[in-house]
Every structure is written in C-alpha cells, then in structure tokens.
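J.: Sending over a structure as structure tokens; questions will come in a sec.
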C-alpha cells in the first residue's frame with residue numbers, strides 16, 4: 001500500500017507555537033533561590049513543602065516562583081529522595097535546576113517551567129537513574145537539558161525549544177555527555193539555534209542510549225551523535241527541516257540501529273563521518289536536498305528480505321517482482337533495483353512506499369435503503385443495496401487535494417468517483433451503487449496531497465459479496481415471516 005509521507009506536521013506546529021500558548025507562572029508563590037548541599041538542608045526554609053526523604057515519602061519542592069540568583073534550585077551531595085515539581089524558574093545566572101552527586105534513583109524533576117537561564121536550563125551531573133519529565137525549558141543561553149556523567153536516566157515528555165541562544169556551538173536542546181543507557185522519549189526539541197545547535201547531542205562515549213517518539217526540527221542538526229558514542233537506538237523519531245542534517249554520526253559512532261524514523265526537508269538527511277556498522281531500515285527519507293552524505297563509513301541500509309530497507313522520495317525504480325533476488329512473479333512493495341548510495345553503502349531492498357501502516361483507513365457498511373431494515377455491518381450486502389464507503393485520512397484535511405474511490409463489479413473495468421468530505425466528521429464518503437445478488441464488489445481509495453499529480457497514498461483493495469434475497473424476505477434474514485409483513489405495513493404507500 002502506498003503511504004502518506006509522515007512529517008509530523010502537528011507535532012512541529014505545537015513545537016513552534018508552544019511558547020506562545022504556555023503559561024510561565026506555574027509556581028504561584030515567590031521564593032528566593034534554593035540551595036541544598038547536604039541532607040540536613042532539606043527544610044521548609046529551603047522550599048520543602050512535604051516529605052521525609054524516603055523512597056515512599058520523598059521531599060517535595062513545589063509551587064515556587066524563583067527569579068534570578070546563580071541557581072533557581074541547586075541540590076548536591078545527598079542520598080535522600082526528592083522531587084522538584086511545578087516551579088517557575090526565571091533568569092538564573094547559571095542553571096535553572098542543578099543536581100550534582102545525588103544517590104542513585106533519588107531524583108525526580110518534573111512539570112517545571114524554566115526560562116532564560118544564562119547557562120543551562122536543567123543540569124543533571126553524576127546522578128544516575130534520575131527522572132526528568134514534562135518540563136518546559138526554553139530560551140536558555142546554552143542547552144535546555146544536560147545529562148552529564150549520569151546513567152540510566154529517563155528524559156521523557158519535555159519541551160526544549162529555542163535554547164542555545166549563544167553563538168559558536170557547544171550546546172543543544174538536549175545534551176547528553178559521557179552518559180550511557182539513558183531513555184529519551186517523547187520530547188520536543190525544536191528551533192534551537194539553526195546555525196549552531198542540534199535538537200539532541202550525544203557526545204564523549206555516550207553509548208547505548210535509546211531515543212524514540214521524539215521530534216527534533218528546525219535546529220542546526222536534528223540529532224548529532226559524536227565522539228565514539230556507540231550503540232544508539234533510534235525508533236519513530238522525526239527530524240524535520242533542520243538547517244544542515246537530520247542525523248549526524250561522527251567520530252567512530254557506530255553499531256547503532258535506526259528504524260521507523262522520518263527524516264524530511266533537511267539539507268542532508270543523514271551525514272556519516274568515520275562511523276560504521278550502523279543499520280538503517282524502514283525509515284522515510286523524504287525531500288532532503290541530499291538524502292545521505294557519507295565519508296569513510298560502511299553501514300547497512302536494509303534489514304534483509306522481506307523486512308526491506310528504507311523509503312526514498314527520489315527513488316525511481318519500479319516494483320514488478322518479488323523475492324530475495326527480486327526475480328519472482330508479483331510485486332511486493334520493494335523496488336526491483338537497489339538504491340545505491342555509493343559502492344560501500346547500498347539499500348538492497350528500497351521500499352516503494354513510506355511507513356507507517358495506518359494513515360489511510362477505508363471501511364464500508366450497507367446503506368439499508370427503505371423498505372429494508374439495517375443489517376449488521378459485518379454481514380453481506382444485500383442485492384440492490386448501495387455500499388457506503390468511509391475514508392479516514394490522518395492528515396490535515398486542508399492539504400488534501402482530492403480523494404478518489406475506485407470500484408468494479410465481477411472483475412469488470414474500474415469506475416472512479418470523487419468522494420465528499422464532511423468537516424463535522426472529518427470523513428470522506430461515497431456510495432457504490434447497489435448490485436444484483438451474487439455479485440462481487442471490489443473497491444479502493446486514492447488520496448492526493450497538495451499539488452501531487454500522482455496519488456500520495458493508495459489503500460488496499462477491499463471486497464464485498466452481494467447477497468441474493470428470497471422473494472418476500474424483506475429484511476434479509478433468509479426466511480419469510482411476520483417480520484417481513486410488519487416492514488411492508490410500516491412502509492405501505494411510500495413513494496420515491
């Protein structure tokens with residue numbers, strides 16, 4: 001099935017508009033900057049509103065608005081459990097929130113709003129198994145969120161937009177330094193300096209980190225993996241419209257796995273320098289100026305047959321064959337010819353269509369015209385009964401040029417008709433005329449996005465069998481009985 005090119009337009013729009021929509025004033029009560037340098041410093045004077053510092057009753061620092069100072073909240077050298085949550089921290093000279101040398105699995109930072117830190121918004125240093133979740137960190141001079149020499153942390157659902165305001169580089173929306181086995185999940189890091197900063201930067205042996213369901217767009221690079229940071233695992237991320245590259249692998253950053261990502265509208269889709277043994281498969285490479293730039297690197301660009309390789313918007317091959325050697329009858333959604341990047345980098349099984357699998361949904365139900373009563377939609381269509389086809393497209397409807405419905409009966413030539421869009425239900429619909437009993441009706445849909453002259457997406461072919469009715473069997477339950485007489489009586493005298 002041909003698929004719509006996914007470029008996460010909704011996520012990108014949210015990433016751009018979020019600063020205007022978000023309320024900075026999360027913390028309701030003013031408070032001086034908070035500094036905790038030992039267990040004994042967890043006091044009410046230092047902003048603790050509850051808790052005893054145990055795993056089941058952690059200290060909670062919450063509800064404060066903190067303006068200025070070297071640090072908004074600084075915690076160091078503790079083995080107590082603590083949560084920093086629902087604070088607003090503005091204009092810190094150094095860091096909005098800094099945690100250094102806390103014991104494993106003791107630190108949670110969540111739901112804070114941080115603006116205009118003169119260095120980094122959040123810094124986690126030498127503090128393993130920390131949780132940094134659902135924070136809004138923007139307009140910081142250096143990085144939004146920094147994980148340094150900390151392992152097994154969870155960085156989830158944060159907004160790290162419009163950071164890295166300084167010139168000269170060395171910062172990112174999310175910056176991971178000398179840190180391993182971290183999970184970066186569901187974050188948005190957009191519009192960090194388009195000249196100097198990536199959305200996400202892994203550096204200095206930051207190996208075996210996992211990144212999925214993130215968006216890194218409108219930065220200098222989407223993701224930069226550098227300095228022998230090996231074994232990265234990237235799944236279902238979007239790297240869109242970055243000034244230079246969607247993904248950069250440099251300085252022996254190999255052995256990574258990259259799949260189900262969308263890399264679109266960048267100057268370079270993927271740039272690889274001296275980094276080998278990475279595998280890319282089932283990614284969308286869409287309308288990048290150069291899809292791949294590689295130097296002194298040998299990587300894998302498919303996951304063998306039948307899983308296949310990647311979708312390339314500039315691939316010009318055809319699909320008429322199937323099989324591991326693409327020499328068997330019947331097409332299989334994989335191009336018959338290789339997509340050659342260079343002699344050492346080849347996608348042997350390029351995908352004809354982009355992923356994912358569920359952007360176009362086609363369903364149908366019998367329309368049950370009078371005098372018939374409705375049947376269960378799972379049952380067969382009755383003779384002369386039109387089929388109502390419904391088409392759901394997971395895309396901005398204003399970008400949809402047209403949706404065509406194709407149908408045929410008993411293998412005859414295909415007919416096509418334009419569907420009708422309902423702004424209320426956001427569904428395209430069209431009826432297929434009723435057919436004689438024992439007919440077989442086949443149908444599928446094509447959608448056209450923007451100015452595309454060829455279909456952007458084509459559904460699978462669906463089939464409906466048409467059921468013959470017994471004379472007098474009005475409701476189609478295969479028996480003539482009192483219920484059929486009742487239906488006739490209700491509709492007696494109707495016309496048209």
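J.: Starting from the Cα-Cα distance between residue 383 and residue 462, subtract it from 0.36 nm times their residue separation and give me the gain in nm to one decimal.
T.: Computed gain between residue 383 and residue 462 is 26.6 nm.
J.: Restricting to Cα pairs below 8 Å that are 6+ residues apart, what does the relative contact order work out to for the range 9-347? Please round to a whole percent.
T.: It comes to 8 percent, rounded to a whole number.
J.: Sorted by packing (mean other beta-carbon atoms within 10 Å per residue), highest first, where do 430-443, 274-287, 408-421 land?
T.: My ranking of the peptides, most packed first, is 274-287, 430-443, 408-421.
J.: Report the extension gain between residue 55 and residue 305 in nm, rounded to one decimal, defined as 0.36 nm multiplied by the number of residues separating them, less their alpha carbon distance.
T.: 85.1 nm
J.: Describe numerically, in nm with one decimal, the distance between label points set 7 Å from Cα along Cα→Cβ at residue 228 and at residue 70.
T.: Reported label-point gap for residue 228 and residue 70 is 3.4 nm.
J.: Could you give P(r) for the range 9-347, binned at 20 Å from zero, as whole percent values over all Cα-Cα pairs?
T.: Per 20 Å bin, starting at zero, the Cα-Cα P(r) for the range 9-347 comes out as 32, 50, 16, 2 percent.
J.: Can you work out the FRET efficiency for the pair residue 429 and residue 494, with r the C-beta to C-beta distance and R0 = 22 Å, to the nearest 0.05?
T.: 0.35
J.: What order do you get for 473, 399 when you list them from fewest to most C-beta neighbours inside 10 Å?
T.: By the 10 Å Cβ count, ascending: 399, 473.
Quick note: the coordinates plus some simple rules give every number you see, no bench work behind them. As the structure is a computational prediction, the values presented were derived from the model and not from experiment. Note that we place each Cβ from the backbone using ideal geometry, even for glycine, and neighbour counts take in every protein chain shown.
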